[in-house]
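To keep things clear, I will list the structure first and then write my remarks on it.
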Amino acid sequence: MNRSFLTLLLTLCLSVHCLSAQAKKQVRLTVAFYNLENLFDTIDGDNNDEDFLPEGKNQWTQEKYKQKLHNMAYAISQIGSKNGPDIIGLCEMENRQVLQDLLAEPELRDLGYEIVHFDSPDKRGIDCALFYRSKYFQLLDARPHPVRLKGEEYIKTRDVLEVNGLLLGEPVSFLVSHWPSRVGGEQISLRRRMQAAQVMRSVTDSLLQANPAHKVILMGDFNDDPTSASVVQGLKAKVTPEDLAPQDLYNPMAKIHASGRGTLAYRDVWNLFDNLVVTANLIGGADTSLHLLQDKKSGDYAYIYSADFLTQKTGHFKGYPFRTFSSGRFQGGYSDHYPVYLYLTRTIEE
């Protein structure tokens, strides 16, 4: 075998190796959740929106509405990356139109988002929704699951939103929820959140029973912390990722909560009501399958986006999330909650 042939063979082998190496890349997607804090329009609707009308208690004018839209659009565009999250669950918006108005804002209009939304029976008229990029997520179907409070059917609360599809070709479902509030006291109202948790868990179990490889991300304003009974017993979410069984759920926000951080504050006490919970099959696994990206330094699987611009700079609530209203006065802020997010990663062939 002459030297020229050996050189040619080596060159071909190197070329094939380089092509093979170039044919794979690691993709990182951002999944987030954000409570928009009363994103209402200025139109008198069928719901109890009297406070958010120009003549209402909040004197909710078109100018204030436009500022709120701009603020929320900018905040969303910054979560996780400078192009916004690829999937984001949302709550506390009045209707589909305000979501369309939100996506029409300059910060979001070119980011390729599409909407999943259903009107809920909530007495205040606020709903849950999901924005997604069809570039990565192929929507298959979606449906709302009502949360009927036994013995208190007169209390109308938000549905659990189920969104099913293919994320980078893998079957993934997103469940978005806004559990009943703590009105009347944390313990008195706990059974309402327990029932919302059980609906969410039941939907998850059904998805896993149909396909154990199905991946589910549950998110929402649970109005409870990762260690609350509704989350640990009702949703049955584990607070550590070790020794997870295939049917288990893991709450990566629990580690953050244990450190004393939160997504909202009341009377100088921080709570972490905004939760991201995942099925066990999203922890670890092969690089060629979707899984949570773990921070190598902190060990965290999820994060609070507590940017400086989202934080109150002065006054009694200094250091709190910079909200739209405070003590009944318009502040021009963002939300009384910080958003939360995580990263999904997978190696794919280009």
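The values are calculated or read from the model by the stated rules, or taken from the named source; none is laboratory data. The shown structure was predicted, so the numbers you read here are calculated from the model rather than taken from an experiment. Cβ sites come from the backbone with ideal geometry, for glycine too, and all protein chains shown count toward neighbours.
Let's see how each residue does on (1) crowded, with 16+ Cβ neighbours inside 10 Å; (2) within 19 Å of SER259 (Cα to Cα):
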site: ALA197; (1), (2): yes, no
site: PRO212; (1), (2): no, no
site: ALA237; (1), (2): yes, yes
site: THR240; (1), (2): no, yes
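So for the stretch 257-272 (the condition being crowded, with 18+ Cβ neighbours inside 10 Å and more than 30 Å from TRP60 (Cβ to Cβ)), does at least one residue qualify?
Scanning the stretch 257-272, I find at least one residue that is crowded, with 18+ Cβ neighbours inside 10 Å and more than 30 Å from TRP60 (Cβ to Cβ), so the answer is yes.
Taking the stretch 251-283 only, how many residues are of a type outside the set (Asp, Glu) and without any contact (Cβ under 8 Å) to a residue 40 or more places away in the chain?
Narrowing the stretch 251-283 to residues of a type outside the set (Asp, Glu): 251-267, 269-273, 275-283.
Restricting the remaining residues to those that are without any contact (Cβ under 8 Å) to a residue 40 or more places away in the chain gives 251, 254, 257-260, 266-267, 269-270, 280.
Looking only at that region, the number is 11.
Could you list, ordered by first residue, the pairs with Cβ atoms under 6 Å in which the first is in the stretch 155-166 and more than 15 Å from MET194 (Cα to Cα) and the second is in a strand (DSSP E or B) and among the polar types (S, T, N, Q), at least 6 apart or interchain?
Cβ pairs passing all conditions: ASN164/SER173; GLY165/GLN138; LEU166/GLN138.
Which residues, counting only those in the stretch 306-331, are assigned to a loop (DSSP other than H, G, I, E, B), surrounded by fewer than 19 Cβ atoms within 10 Å (Cβ to Cβ) and touching a residue at least 60 places away in the same chain (Cβ under 8 Å)?
ALA307, GLY328
Just checking, does the stretch 144-152 include any residue being within 23 Å of ASN83 (Cβ to Cβ), crowded, with 18+ Cβ neighbours inside 10 Å and of a type outside the set (Asp, Glu)? Break it down stepwise before answering.
Pass one, the stretch 144-152, residues within 23 Å of ASN83 (Cβ to Cβ): none.
No: zero hits.
If THR279 meets every condition in (1) over 21 Å from HIS214 (Cα atoms); (2) modelled with pLDDT of 95 or more; (3) touching a His at 6+ places or on another chain (Cβ under 9 Å); (4) of a type in the set (Ser, Thr, Tyr) apart from one, which number is that one?
(1)
Quick check on my filter: what residues within the stretch 114-133 are farther than 13 Å from MET93 by Cα and among the hydroxyl-bearing types (Ser, Thr, Tyr)?
Matches in the stretch 114-133: TYR132 only.
Look at the stretch 64-111 and say how many of its residues are in contact (Cβ under 8 Å) with a residue 12 or more places away in the chain, farther than 27 Å from ALA142 by Cα and assigned to a loop (DSSP other than H, G, I, E, B).
Looking only at that region, the number is 1.
Just one of ILE155, ILE115 is of a type in the set (Val, Ile, Thr), at negative phi, in a strand (DSSP E or B) and out of contact with any Asp or Glu (no Cβ under 9 Å at 6 or more places or on another chain); which is it? Break it down into steps so the answer makes sense when it comes.
Working: ILE155 fails: in a strand (DSSP E or B).
Exactly one residue qualifies, and that residue is ILE115.
If a residue must be part of a loop (DSSP other than H, G, I, E, B) and either in contact (Cβ under 8 Å) with a residue 24 or more places away in the chain or at positive phi (or both), how many such residues does the stretch 120-134 contain?
Step one: filter the stretch 120-134 for residues part of a loop (DSSP other than H, G, I, E, B), giving 120-126, 134.
Going one step further and asking which of them are either in contact (Cβ under 8 Å) with a residue 24 or more places away in the chain or at positive phi (or both), we end up with 120-126.
Of the residues in the stretch 120-134, 7 are part of a loop (DSSP other than H, G, I, E, B) and either in contact (Cβ under 8 Å) with a residue 24 or more places away in the chain or at positive phi (or both).
Yes/no per residue for (1) in a helix (DSSP H, G or I); (2) more than 16 Å from LEU282 (Cβ to Cβ); (3) modelled with pLDDT of 95 or more:
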position: LEU166; (1), (2), (3): no, no, yes
position: ARG201; (1), (2), (3): yes, yes, yes
position: VAL216; (1), (2), (3): no, no, yes
position: MET219; (1), (2), (3): no, no, yes
position: ASP225; (1), (2), (3): no, yes, yes
position: ILE256; (1), (2), (3): yes, yes, yes
position: ARG261; (1), (2), (3): no, yes, yes
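Could you check the stretch 154-194 and list, in sequence order, the residues that are among the hydrophobic types (A, V, I, L, M, F, W, C), surrounded by fewer than 20 Cβ atoms within 10 Å (Cβ to Cβ) and closer than 15 Å to TYR132 by Cα?
Listed by number, the residues that qualify are LEU166, LEU168.
Would you mind stating whether HIS145 is within 27 Å of LEU53 (Cα to Cα) and at pLDDT 95 or above? Working first, answer last.
Working: within 27 Å of LEU53 (Cα to Cα): no; at pLDDT 95 or above: yes.
Judged against the criteria, HIS145 is not a match.
Give me the residue from the stretch 138-152 that is part of a strand (DSSP E or B) and of a type in the set (D, E, K, R) and, out of that set, farthest from VAL203 (Cα to Cα).
Filtering the stretch 138-152 down to residues part of a strand (DSSP E or B) leaves 138-145.
From the residues that got through so far, the ones that are of a type in the set (D, E, K, R) too are 141, 143.
Numbers: ASP141: 14, ARG143: 11 Å.
Filtering first and then ranking leaves ASP141.
Which of (1) over 21 Å from the mean Cα position of the chain (by Cα); (2) under 18 Å from ALA73 (Cβ atoms); (3) not basic (Lys, Arg) does PHE322 not meet, given it meets every other one?
Among (1) over 21 Å from the mean Cα position of the chain (by Cα); (2) under 18 Å from ALA73 (Cβ atoms); (3) not basic (Lys, Arg), PHE322 violates only (1).
Filter the stretch 51-63 down to the residues that are under 16 Å from PHE325 (Cα atoms), out of contact with any helix residue (DSSP H, G or I) (no Cβ under 9 Å at 6 or more places or on another chain) and either touching a residue at least 60 places away in the same chain (Cβ under 8 Å) or surrounded by fewer than 18 Cβ atoms within 10 Å (Cβ to Cβ) (or both) and list them by number.
Across the stretch 51-63, the qualifying residues are ASP51, GLN59, THR61, GLN62, GLU63.
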